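Worksheet for the structure shown next.
The values are calculated or read from the model by the stated rules, or taken from the named source; none is laboratory data. Being a predicted model, the structure only gives us computed values, none of them experimental. Cβ sites come from the backbone with ideal geometry, for glycine too, and all protein chains shown count toward neighbours. The accessibility values were calculated without ligands, DNA or RNA, using every heavy atom of the protein model including side chains. Shrake-Rupley method; radii C 1.70, N 1.55, O 1.52, S 1.80 Å.
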Amino acid sequence: MTNLFAVLRRSPVVFPLACIAAVAMVFISEGSYWQAVGTLDRLAAIHASRAKIEGLAQGILDAESGQRGYLLTARKEYLLPYAKAIETIAESFRFLHSYYDADPRSDALLRKLQALMTTRLSELAETIRLFDEGKTDAAKELVLSDIGKEKMEALRVLSAELLASETSHVERNRSDIYQTLLLSRIGMAALSAISLLALFLFLRQANAITVHEQELKRRVQAERDGLEVNVSERTAQLTELTQHLLTAREDERNRLARNLHDELGALLTSAKLDAARIKSRLANTAPEASERLAHLVSTLNSSIALGRRIIEDLRPSTLSNLGLPATLEILAREFAESSGVEVHCTLHAVKLEPATELVVYRLVQEAITNISKYAKARNVWLSVGEHGGAVQVSVRDDGVGFDTTAHSRSAFGLLGMRFRVEAEGGSFGVSAAPGQGTLIQVTLPQAQDVT
């Protein structure tokens, strides 16, 4: 339908041509039909009039036959055809007078014919009357006279003229029918040509529209392909940038952890040793100063412990010393102690690159941080293992959950997890619903060579 409207808008000639062709076709068809019907009606009337004219001739003959049979046999039954012939002749004249009412020439011939036939019927009636009165000779003389013969000849001539007139009418009407059929054929041929022209224009325009649409689709597809290529390139660039930023951040954390361990740790340890020496020397001479030095040593011990925790957060030494399962177990235990949430661990040794192990650690660390902030959970299930040639990591809680289609406060944390995992060639999935907790599932490729 849209293509049809488009064709009509772009080719205003097609619709008028189609309308003209349709109207003209209906007009020619209806005109030809009614003209043919009128001609056939006239031919039927002509046929009836010819039958009536021939009936007049046959009627007068039947009347003469009945009259002569009665004169020869004197039997009344011979007058029955005579009487019937008279009725037939009268009915035929009534029909013919009505038929020739609009044709003065034919009506004049009919009146002459009627006058002659009336005279002839009067003669027949007179003959019968004379015979009935017993005047047989007079009746016979009237029958044998040539007057009846002359009148019958005149009747045949007038009937022939009327029949010839009707024959000419038949020919004219037949000619009209042929002309009507010819005009109808010409008109239908012309309309067919116009219809074919309109169809040709329509098909050509439709084909042009189809070609144009295909060209537009090709361009749109080319632009879409180009956009997809650009999106793929940008996505790859963002993934590389994310991996670079993450690597740079981890390197910065390592550098900061080393500095804190080497420099700040050394300074704090040196200060602790100095304070211990001073405390030992002043133990007996200045009790108040000893108490202050003891408090200072305690403070230095707390600072050293805080530094170690900061260093562990920046770069867990247990990851390289004890491995991923042990590190995650320590993380889970510390989380359970600090939050009161019960953590159920199912941790197996897996083959991962060192950088990927750090990604898993950060992912679990971020997950339990979100749980402590938003989930209000009572239980957490942490599992790490191999399945189907890949490493699978899952973190599940029984907290309040959230709507994954809505923007939440932890959306950026989840987005960061996803980028970390995809940067390592893995897949990241989140399943959550309000009141049904949250499940984070990660699949990572195994390391080819673990050293």
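Among the GluC sites (Glu not before Pro) found in region 338-369, not one is both in a DSSP coil and sparsely packed, with 11 or fewer other Cβ atoms within 10 Å of its Cβ.
Between Ile278 and Arg255, the FRET efficiency from the beta-carbon distance, with R0 = 25 Å, is close to 0.15. When all protein chains stay in place and ligands, DNA and RNA are ignored, the 1.4 Å accessible-area order of Glu166, Glu223, Glu77, largest first, is Glu223, Glu77, Glu166. The heavy atoms of Val23 offer some 100 square angstrom of accessible surface to a 1.4 angstrom probe.
So if R0 is 35 Å, what FRET efficiency would Arg218 and Leu241 give, r being the distance between their Cβ atoms, rounded to the nearest 0.05? Intermediate results must be reported in sequence, preceding the final value.
Numbers: r = 34 Å, r/R0 = 0.97.
After rounding, the FRET efficiency stands at 0.55.
Sequentially through region 175-184, phi angles give Karplus couplings (6.51, -1.76, 1.60; θ = phi - 60°) of 4, 4, 4, 4, 5, 4, 4, 5, 5, 5 Hz, Gly and Pro residues having no value and appearing as x. Scanning residues 5 or more positions from Leu352 or on other chains, those with amide H under 5 Å from its amide H are Ala447, with H placed 1.01 Å from N in the peptide plane.
Of the trypsin sites (Lys or Arg not before Pro) found in region 367-441, those that fall in a DSSP loop while having at most 11 other beta-carbon atoms within 10 Å are Arg378, Arg409.
Compute the FRET efficiency between Arg185 and Asp107 as 1/(1 + (r/R0)^6), taking r as their Cβ-Cβ distance and R0 = 41 Å, and round to the nearest 0.05.
Working: r = 37 Å, r/R0 = 0.91.
The formula returns an efficiency of 0.65 here.
Residue separation times 0.36 nm, minus the C-alpha to C-alpha distance between Val400 and Leu322: what's the value?
Numbers: separation 78, 0.36 × 78 = 28.08 nm, distance 3.42 nm.
Separation in residues times 0.36 nm, less the Cα-Cα distance, equals 24.7 nm.
Ignoring any ligand, DNA or RNA, what whole percent of the accessible area of region 43-132 comes from carbon and sulfur when the probe is 1.4 angstrom? Of the solvent-accessible surface of region 43-132, carbon and sulfur hold 58 percent.
Ordering Met188, Met117 by how much accessible area each has at a 1.4 Å probe, largest first, what is the list? Can you show the working numbers first?
On the way: Met188 65, Met117 5 Å².
The ranking, largest first, comes out as Met188, Met117.
Loop-located trypsin sites (Lys or Arg not before Pro) in region 53-87 (DSSP state not H, G, I, E or B) with no more than 12 neighbouring Cβ atoms inside 10 Å: Arg75.
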